[in-house]
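Down below is the structure, laid out as structure tokens.
The values are calculated or read from the model by the stated rules, or taken from the named source; none is laboratory data. Because the structure is a prediction, the values reported are computed rather than measured. Quick reminder, even Gly has a Cβ in these numbers, built from the backbone with ideal geometry, and neighbours come from all protein chains shown. Protein only, heavy atoms only, side chains kept; ligands, DNA and RNA dropped before computing areas. Shrake-Rupley method; radii C 1.70, N 1.55, O 1.52, S 1.80 Å.
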Amino acid sequence: MLNIVDISKTFNPGTINEKTALSHVSLHLRPGDFASIIGSNGAGKSTLLNAIAGSFYVDNGSIALDGKDITFTPDHRRSRVIGRLFQDPLRGTAPSMTIEENLALAYLRSAEGKAPFSRITKKDKEFFAEKLKLLGMGLEDRMRQPVGLLSGGQRQALTLLMATLVTPKLLLLDEHTAALDPGTAEKVLELTRAIVAENQITCLMVTHNMRQALELGNRTLMMADGNIVLDVSGQERAGMTVDDLLRRFKAGTGKDLDNDRILLSD
Amino acid sequence: MGAILLISQTALDLGFQYALVAMALFLSYRILDVADLTTDGCFVLGAAVSVTMAAAGHPILAIPAAMLAGACAGFVTAFLQTRMGVPSILAGIITNTGLYTVNFLAMGRSSSASLLRVDTVFTMLRDVVDTDIIGDWYKLILSGGITILAGVLLYLFLGTRLGLSIRATGDNRDMVRASSVNPAYTVTVGLCVSNALTALSGAVVGQYQKTVDINSGTGIVVIGLACLIIGETVLGRRSIGRGILAVMAGSIIYRFIYAWVFYTKIVPIECLRLFIAIVVALAIAAPTIKEGVGLEKRRLTALRKGGR
């Protein structure tokens, strides 16, 4: 589904702030893969997601999604097939617009919802309400309220719904539960699991929760210094504990995993 | 009594006509969150195109032509800031500077143009209505009609999917990109529409006053902002519909204040601009001032407690 071949990215080249964020990264995700990424601070986890989403163009290498080369496709085009959630629940929604209007914007990614001068129809609203019900937060009764009135958890759940309203080929999750309180985080994660499973979305998730990285999905990747240093799946991953993972990380990089926010367990 | 009626009538006429500028700023400044300084030159552009075409015998065609010219000016500003990386305020100033020459050329290489003994949209309406009954109010019907129509169309436009993505652009650009829409496109459409509205205002004012001067747009942007702020203070800005009503109300209130100052001479009329500039600066600075005052209060309270 996703095929990344040998991509690199250096920020501020030729200056004192030069930083190689990605160095010859290759990654292949099969359709339906759900991979989680863990790694040290500054290992390039978010940069990798940004590269895939098109926040910047990579210096070399290529990115293909579903057989189509998207290396030079601008981010707003890629977003037709790539859904994305950030850590900050405020980044995915427009606060002064209503829930309904936000969903209508997300629906622009579909073929039906694109005509520029068409308005939100009654059918659209029913469709949105039906989807909102699945979140179990009562948002379907508040569709005409501005999103700015919602809590962080509600906004993140809404963003998740918006990112998957038109089923994407790839869903990028960048620590999307990290800024939420534990109860809400659990709920959003549960929704993520359900939506991803139901639509069989290929998914790439950055997390700082080691347990999550091992339990969720079918693959665990570890990054260090702009590289993927560990990629486990299948049998090998099934029996793994957090300690095993840390040991493998040290064996692979010669360093301890250094992330001040990492959760070894909860 | 007659004088007051006449003053009110003029204030209403001008209030509606200039409300279009405030409506344009509502779109660019409030909704898109772009400070568009094309406004001053664009207003004159609309007036110049309108007066020149009316002089050539096409007063009705002059109105859409002026709007088209305004949209082009908006496009240039938008192009500079979205595609060429020019900071948005500077982009407006650059276009505005260039427009000075364009306006000069549009008026036939002259710094002013007037309409003598030719039809305007106002005289055309006067000729078809019964002036014995409605007197001079036909001007208000036309000015109000155009502005209200523009307001309704803007309201409808902002409810379309394209309108929604323009609104989201000022709110959260990341989200616009995530919805597969290029913010450069929405900013461009937004600025074209807002400058078309500004030029429409110039076009109506030009034919109403039957004259246009190359400097008649100076400070229009600040006056427009004043109208926007007055309207929002009176009516609030909770929804798009209310926001559009607010700019019309604000513009009319501003013209009444202007007329009141003009006739009572409570402030010398030359000083009105300074007064308006101060009011607008204070209104926009209000949140920051409030915060500073609050902090100072807390600091003083803490100081007093500590001294005990």
Next item on the list: Return the total of residues in the stretch A:121-165 being acidic (Asp, Glu) and closer than 21 Å to A:ASN199 by Cα.
Entry: 3
Notebook entry, point to check: Would you say A:LYS45 is touching a strand residue (DSSP E or B) at 6+ places or on another chain (Cβ under 6 Å) and either free of Cβ contacts under 8 Å to residues at least 60 places away in the same chain or open to solvent by less than 50 Å² (accessible area, probe 1.4 Å) (or both)?
Noted result: yes
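Are any of the residues in the stretch A:53-75 open to solvent by 50 Å² or more (accessible area, probe 1.4 Å), over 24 Å from the mean Cα position of the chain (by Cα) and within 19 Å of A:THR167 (Cβ to Cβ)?
If we filter the stretch A:53-75 for residues that are open to solvent by 50 Å² or more (accessible area, probe 1.4 Å), which is where we start, we get A:55, A:57, A:59-60, A:66-69, A:72.
Among the residues that remain, those that are also over 24 Å from the mean Cα position of the chain (by Cα) are: none.
There is no residue in the stretch A:53-75 that is open to solvent by 50 Å² or more (accessible area, probe 1.4 Å), over 24 Å from the mean Cα position of the chain (by Cα) and within 19 Å of A:THR167 (Cβ to Cβ).
From the list A:LYS169, A:LYS255, pick out the single residue that is among the basic types (Lys, Arg), surrounded by fewer than 22 Cβ atoms within 10 Å (Cβ to Cβ) and either closer than 23 Å to A:HIS24 by Cβ or over 15 Å from the mean Cα position of the chain (by Cα) (or both). Reasoning before the result, please.
Numbers: A:LYS169 fails: either closer than 23 Å to A:HIS24 by Cβ or over 15 Å from the mean Cα position of the chain (by Cα) (or both).
Sole residue among the options that is among the basic types (Lys, Arg), surrounded by fewer than 22 Cβ atoms within 10 Å (Cβ to Cβ) and either closer than 23 Å to A:HIS24 by Cβ or over 15 Å from the mean Cα position of the chain (by Cα) (or both): A:LYS255.
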Margin query: Restricting to the stretch A:199-223, name every residue that is over 12 Å from A:SER46 (Cα atoms) and in contact with a helix residue (DSSP H, G or I) (Cβ under 6 Å, 6 or more places away or on another chain).
Written below: A:CYS203, A:MET210, A:THR220, A:MET222
Notebook entry, point to check: Quick check: is even one residue across the stretch A:113-122 within 8 Å of another protein chain (Cβ to nearest Cβ), part of a helix (DSSP H, G or I) and either modelled with pLDDT under 90 or surrounded by 14 or more Cβ atoms within 10 Å (Cβ to Cβ) (or both)?
Noted result: yes
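Within the stretch B:178-192, how many residues are part of a helix (DSSP H, G or I), crowded, with 24+ Cβ neighbours inside 10 Å and of a type outside the set (S, T, N, Q)? I'd like the intermediate steps shown before the answer.
In the first step, residues of the stretch B:178-192 are kept if they are part of a helix (DSSP H, G or I); the result is B:178, B:183-192.
Still in the list and also crowded, with 24+ Cβ neighbours inside 10 Å: B:178, B:186-187, B:190-191.
Cutting the leftovers down to of a type outside the set (S, T, N, Q) gives us B:178, B:187, B:190-191.
Residues that pass the stated criteria total 4.
To keep it simple, each residue is scored yes or no on (1) in contact with a strand residue (DSSP E or B) (Cβ under 7 Å, 6 or more places away or on another chain); (2) open to solvent by 70 Å² or more (accessible area, probe 1.4 Å); (3) over 19 Å from B:LEU14 (Cα atoms); (4) not assigned by TED's automatic domain parsing to the domain that holds B:ALA71.
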{"position": "B:LEU99", "(1), (2), (3), (4)": "no, no, yes, no"}
{"position": "B:MET107", "(1), (2), (3), (4)": "yes, no, yes, no"}
{"position": "B:ALA113", "(1), (2), (3), (4)": "yes, no, yes, no"}
{"position": "B:PHE122", "(1), (2), (3), (4)": "no, no, no, no"}
{"position": "B:ILE141", "(1), (2), (3), (4)": "no, yes, no, no"}
{"position": "B:ALA150", "(1), (2), (3), (4)": "no, no, no, no"}
{"position": "B:LEU156", "(1), (2), (3), (4)": "no, yes, yes, no"}
Next item on the list: With the condition kept exactly as written, say whether any residue in the stretch A:79-87 is closer than 18 Å to B:ASP171 by Cα, of a type in the set (Phe, Trp, Tyr) and open to solvent by 10 Å² or more (accessible area, probe 1.4 Å).
Entry: yes
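Only one of A:ARG91, A:ARG80, A:ARG84 is in a loop (DSSP other than H, G, I, E, B) and facing chain B (nearest Cβ under 8 Å); which? Before the answer, list the steps.
On the way: A:ARG91 fails: in a loop (DSSP other than H, G, I, E, B); A:ARG84 fails: in a loop (DSSP other than H, G, I, E, B).
None of the other options fit; the residue is A:ARG80.
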